[in-house]
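Just below is one structure, and these are the notes that go with it.
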Amino acid sequence: MKGQPLDHLLDRCLQDLARTGDVEATLRSYRREADRLRPLLTIAATMSNYYTSVPDPPGSLAAGRKRLLDAAARQQEQAQPAIPILRKRRPKMKFAFAAKLISTILAIVVGTTAIGGGVALAADDSLPGDSLYPVKLTIEDIRLNMALTPGSQVDLALQFAEERTQEIKRLAGQEQPVPDEVVARMEQHIQRAMNQAAWASEEEMPGLLERIAQRTQTQAQTLEQLHTRVQVQNQTQLQAAQQVCQQAHEQAMAGLASPQAFRSRYQQRDGMPEEITPPEPPTREPQNNQGGSQGTGGPDQNPAGTPQGGQQGNEEQGQNQQQEQNQNQQQEQNQNQQQDKNRARINSKSRTKTNSRSRTRTNNKSKTRTSSKNRNRISNRSRIKTNSKSKTRASNKNRSKISSRIRKGPRVSTLQTSPLPHPKVVEDQRAEIIDRERK
Amino acid sequence: VTSERALLKRARICDEEALGILYDQYAPLIYSYLYRRVHDAQIAEDLTSEVFVRMLQAIQSQKLWHTSFRGWLYRIAHNLVVDHYRKQPAALALALDEELMADEEDLDSALAEQLSRQRLQAAIGLLTSDQQQVLALRFGEQLPAREVAEIMGKSVGAVEALQHRALAALRRILQKGR
């Protein structure tokens, strides 16, 4: 025993004590160190007695048994459709690959054009209502579609959701109204991240959920801090955004606690992550929506009763509706003129960064095919130089056709506001104004 | 051992009978350990249930254990205890009171009379998580230092030292309340 460290000696003593159950009897074999060991053995004997009394479990552990077997049964059920899921997944993966390919090509085109890089950089700081904001959203969509792994998709989606939070913060700081679409888009990003996590591998999912939980919580805290500073008009949007983040945090935490339940809930609810159509930006549709999703979304986006529906069925009714819309537009014009002036002032400040003072060249041949959402977002002074060969420039040409009075017109940019006016209405209105000016 | 391996193999494919046998065999042990750590029968039972659900998820994803299956269950249980105290740090509400403090001379006699459960529980609550774990495994579960070392992912020497420090710290706390 000589030379043995006290730690080891104590352990041997404890083994003897467990056999004999008597401290003094045990210490007889360790007389040299007895004085040092005695107090420790006394405590150890007390501990052994303390630990022996364990009450019976209140539920006789039956609930745990049932829970385990239920979980096993659920897993067995989920294991059954494994092959059908794979079969179902394959064509969608092809579609996803095609979408990514298109996005990549678009990104290359945008990247290599002369203004692409500069605009992208300038758009980075833009806010809802700025002329470059749609560019920023489009670039985000492209980047999301180019992300190949669930991890990178989740990170990007969370990054863009955080960007929406920063936009809310900046708009509130400038005492500007926060559009509902910012909150809606934030929700879409978070939803996308959750969906990606639900389809990730079992090894990857906990890490992704932890990231979602952590970052949405940070966002919720940031928004919480804004409550005291934000003006009344933005309180609703702020609360909605905070609720979105808080719920996402809670769902991610729940997912960490029971991954299988989380996975099955999201997979049943949302389908494949690739199926999620990117959220519609506040001012214009992202470029990647021009391919697949437009076809399915087109009819649905045009609610029944709009002039488009009326033309086919009842032409007179359609014209009446057009007139009503024109009247509404005029009323909204007056209401929103002051708002647009304020926005134009802010835009002129931000324009120092974006070099957007250049005027758009007008082209009377182009058709007004782009949605009026896009047109109305453009402020009077900020115009991007257009090129008739490029699609994006074509849309700008269309915008530039509208006279300045129409540009100041109704702001129907929010997704939830009145249905889009028929192009013909806009054409008529434009012709009328031009005639009046000529006279 | 062979039968346990066979049971685990069947458990991996969610064989309910095998899972039931494993549960019946190990749930009481895990419950006892958890009770010794959280001092609440209901919480211990809930956590026991969670241990086995996690075990099922882990064996599904081929996460193998490096120690014995029992040791692996103790590890899961320990992690749940840590999570539990992280969420509910008020477990130390049983603060040491004046009654708990005893003079050096009285200490041995006081121990001989068996300190009340509540007093000792409060004193144990002041130890570190590792120290509490080593005491629960060594004196509660009566596991040898070698197996405790495997469960805790430490060397045998480290466990012996930890055990020594835990007992010395407990004595100090009971003696002076430091």
> When you look at the Cβ of every residue in B:166-175, what mean number of other chain Cβ atoms sits within 10 Å?
Replying inline: 3
>> What's the ranking of B:27-38, A:167-178 by average number of surrounding C-beta atoms within 10 Å, highest first?
In response: B:27-38, A:167-178
>> Just to be sure I understand the model, the point goes 7 Å from the Cα along the line to the Cβ. What's the resulting A:T104 to A:E77 distance in nm?
In response: 4.1
> Modelled label-to-label distance, A:D70 and A:Q247, 7 Å Cα→beta-carbon offset: nm?
Replying inline: 2.5
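How much net charge surrounds B:V148 when only other residues with a Cβ under 9 Å from its Cβ are counted (Lys, Arg +1; Asp, Glu -1)?
Value of the local net charge: 0.
Every number in this text was worked out from the coordinates using simple rules, so none of it is lab data. Values in this document were obtained by computation on a predicted structure and should not be read as measured data. Cβ atoms come from the backbone with ideal geometry, glycine included; neighbour counts cover every protein chain shown.
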